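All remarks here apply to the structure that follows.
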Amino acid sequence: GERCAAGLSVRVSRLLLHLRASGRAGGDGANELECLVCSTGDGGHLARLRMECIALLWREGVRADLCHGHQSDLSAQMASAALLGVPQVVVVRPDSLEPGGTVLVKSMRRKEEAEVPLTELARFFLARRGSRRGALGTHFR
């Protein structure tokens, strides 16, 4: 016999965005993303590093996701972050792979940025989370 296949793809982030816009999504924001991991250059080449960043952040309890698809245009990825209302974006670059490599963390709301060593990325977000409860941090320039 003949085989037939069908599939369905649901972008939960887009669904939540529409629910929030219509006022039907409740909650205290505890499940909202803290950052979106993007990349510049060859998106396929940096996909593994982006996934490693996500795993590192998740292990430390940072709510993060990555730009899905093969967008290599950083401005398109930043537009996705703005659409989702993500407060911070982590930009992985080809030189992030080098020993002592850094990533760029951009604040979407304050239009500030910081170079953060890859090994300190989770600590950076945890410190930012703590500074929102007390005095403002000086992590961005």
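In this simple spin-label model, placing a label point 7 Å from the Cα along the Cα-to-Cβ direction at both ALA127 and ALA79 gives a separation of 3.4 nm. Fully extending the segment from SER72 to LYS111 would add 11.9 nm, taking 0.36 nm per residue of separation and subtracting the current Cα-Cα distance. With the whole protein complex present, ASP73 retains an accessible surface near 80 Å², based on a 1.4 Å probe. Here, segment 31-131 has an Rg and a Dmax of 12.2, 35 Å when only alpha carbons are counted. Shown in residue order for segment 82-97 are the 3J(HN,Hα) couplings computed by the Karplus curve 6.51 cos²θ - 1.76 cosθ + 1.60 at θ = phi - 60°: 5, 4, 7, x, 6, x, 9, 10, 9, 10, 8, 10, x, 6, 5, 6 Hz (x for Gly and Pro). The modelled label-to-label distance between GLU120 and TRP58, using points 7 Å beyond Cα along the C-beta direction, is 2.6 nm.
Excluding ligands, DNA and RNA, the accessible surface per residue across segment 31-131 is 50 Å² with a 1.4 Å probe.
The values are calculated or read from the model by the stated rules, or taken from the named source; none is laboratory data. Worth saying up front: this structure is predicted, and the values here are computed from it rather than measured. Glycine gets a Cβ as well: all are built from the backbone with ideal geometry, and neighbour counts include every protein chain shown. Areas reflect the complete protein model, heavy atoms only, side chains present, ligands, DNA and RNA absent. Shrake-Rupley method; radii C 1.70, N 1.55, O 1.52, S 1.80 Å.
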